[in-house]
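Okay, structure first, notes after.
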Amino acid sequence: MRTSSIPCRMIAIALAVILTSSAWPALAGPELPNPGTVSMSRQEQEKLGLEAMSEVYKQMPVLPDSSSITRYVQHLGNKLAEQIPQPYTWPYQFHVIAQKDINAFALPGGPVFINVGTIAAAQNEAQLAGVMSHEMSHVYMQHSAKQATSTKTKFAEILGAAGGMLGGSVLGDLTRGVIQFGAGTLLLRYSREDEAQADAVGAVIMYKAGYNPVELANFFEILTKQGGGPPQFLSDHPNPGNRTAAIEKEVRNWPAKDYRGDTQAFQSERQEAISTKAYSAQEISDGAKSGRWARENLKNGVVPESAKLSVAESAAAATITSVNFDQVKPSGKFSRFEHGGFSMSYPSNWMTSAGENSATIAPPAGASQDAIAYGVIVGTAQDQNAGSLDQVAQDLVQKFEQSNPGMRQSGDIRRVHAHGADARSVDLLSNSPVEENGKPLPEHDRLVLRSGPGGAYLYVIFIAPERDFRALQPTYETMLDSLQVP
């Protein structure tokens, strides 16, 4: 009897089916993680972001949306935003700041700002897409809202932190809330864990958009190898570790794909960015104090409708560029000011204003909404790393220097007395809002620190252009000697 057999051709077909069936499943592509929930609603986050965005237009030079660089960045940003599932996306918007430093930041609810210097530093489109995806991931994962929730920080304090970081003006940074050392600035200084997560989520967005995620790590490598101090981006975004190794491990098991190559559009706009007039952090800080950027952004039609009123008020209030000593000269009579946990005497022809954790005492002509040229700031600080009054003073100086480009310590920290209490004093030098021949005058700031109410520390900063500080010193010494803490 003859045995039947299956033709070889049929065996080959069956084998091919088996090899391509579920026994050998295809590798699944990466998916964006669930961002989780926070107590701050989407509407609250979007509102907070728009309020913080108005501070950007007051204090930084922003390129108009009609510029070719901005149009390109917006096109790239929209391509990346399309990769985010609709239930989790945000109303992302993309803008370019005319600043030389390599930096980028995102605000709650979707506004993303990229410095011209970042575009010029990127070597290809994938690297720029990586930076933008990283920033978009902070919004996607709601990092600012989660920090605010975990620290029980009020909206006003978050916005104050943003205003201080963005503007670099002493007034913006010091008069809007308690300074929390060790906690970081909520909107612009993320934790290492946040950074690692933004890298991982940004890598998924890049991959879905067709860009090689490793290019994000390559961009950080380029920044790290640059000479001199680290770029501002690396200061604002703490390195969570070996980014290259972490991203390579993340993408190791993702399905291979043909990534997008570089584009002529990117290289063209990169050259445009290199040739665009951009400003240093010091120049931007000086311009913010004088209201220059608020005026120019309004004039150039850059400011969105929702921010126009606030920015216009800021521009109108910045009128102290030409003030002189006769306009601010203190009277011989003193009044008493009490606020929170302190009281102090001050010239009766000066004015006072108070926030929740700080106060300003200044002549009407010597202060504006965004800066102080003459006067005194009193506030409270808490230092989580405090070991001594000297250490707190040094930490405070470091905070001010980081937040105010161009500010530097002059001389050593000295031991002094404030109304009989042990205190520390140190001089700081910076640029004044007051100008002469179109250039800011040198400014002299004297910081005095002592123990304050409730275990906090009380600081006082006496401010004046260097040329007038000596004339005001007797008044400032009288004020310091009158300082009382219950």
Using the beta-carbon distance between S275 and Q327 and R0 = 41 Å, what value does 1/(1 + (r/R0)^6) give for FRET efficiency, to the nearest 0.05? 0.45
Name the residues whose placed amide hydrogens come within less than 5 Å of the amide hydrogen of N431, ignoring near sequence neighbours (fewer than 5 apart) on the same chain. E443
Quickly rank 52-61, 281-290, 322-331 as a protection proxy: mean count of other C-beta atoms within 10 Å, highest first. 52-61, 281-290, 322-331
Over all pairs of distinct alpha carbons, what does the Kirkwood formula give as the hydrodynamic radius of region 325-481, in Å? 16.0
Which lysines, if any, have their Cα less than 26 Å from the Cα of K299, not counting same-chain residues under 8 positions apart? K47, K58, K100, K277, K289, K308, K439
Could you give the nm distance between label points at A245 and R415, where each point is 7 Å from its Cα heading toward the beta carbon? 4.7
Note the full-extension length gain between N300 and V485 as 0.36 nm times their separation in residues minus their Cα-Cα distance, in nm to one decimal. 61.8 nm
Backbone N within region 285-309 under 13 Å of label point (7 Å from A316 Cα along the Cβ vector): 308-309
For the modelled label position 7 Å from the Cα of S388 along Cα-to-Cβ, which residues of region 406-421 have backbone nitrogen atoms closer than 14 Å? 413-416
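Each reported figure results from applying straightforward, stated rules to the coordinates on display, with no laboratory input. Keep in mind that what you see is a predicted model, and the values were worked out from it rather than measured. All Cβ positions, even for glycine, are placed from backbone atoms using ideal geometry, and neighbour counts span all protein chains on display.
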